[in-house]
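Working notes, structure below.
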Amino acid sequence: MQDRAANFFSLFASTSTLICCALPALFVVLGAGASFASLLGVFPFLIVLSQYKIAISLFALIMIVVAGVVNYKTARM
């Protein structure tokens with residue numbers, strides 16, 4: 001796997017993790033739970049992402065580890 005492809009996939013995986021898990025937590029911490037509820041009305045696919053958050057988080061972890069290994073190997077070349 002090339003360095004560029006590993007970086008792209010890890011960026012994609014970590015972005016989906018942020019959308020499904022970190023964004024709702026941030027809104028709740030800021031006291032904007034009602035704003036998040038209206039955001040779900042506009043973007044209903046966020047509910048589907050939340051249902052698969054464990055699989056998305058594991059995929060993101062694996063892709064970040066793969067990107068780290070690839071970056072480490074290319075740095076040593």
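Every read-out reported here was derived from the displayed coordinates using simple, explicitly stated rules and does not represent laboratory data. These numbers were taken from a predicted model, which means no experiment stands behind them. Because the Cβ atoms are built from the backbone with ideal geometry, glycine has one as well, and the counts that use them run over all protein chains shown.
In this simple spin-label model, placing a label point 7 Å from the Cα along the Cα-to-Cβ direction at both T74 and V48 gives a separation of 3.2 nm.
Between A22 and A55, residue separation times 0.36 nm minus the direct Cα-Cα distance comes to 10.4 nm.
Kindly express, to the nearest 10 degrees and within the range 0 to 90, the angle between helix 3-17's C-alpha long axis and the longest C-alpha principal axis of the chain. Tilt relative to the chain: about 20 degrees.
Angle of helix 33-42 to the longest C-alpha principal axis of the chain, folded into 0 to 90 degrees and rounded to 10: 80°.
Shape annotation for the chain: C-alpha extents along the principal axes are 51, 22, 18 Å, from largest to smallest. Would you mind checking the tilt of helix 53-76 against the longest principal axis of the Cα atoms of the chain, expressed as 0 to 90 degrees and rounded to 10? Roughly 30 degrees, rounded to the nearest 10. Cβ-Cβ distance of L39 and V65, R₀ of 35 Å, FRET efficiency by 1/(1 + (r/R0)^6): the value works out to about 0.70.
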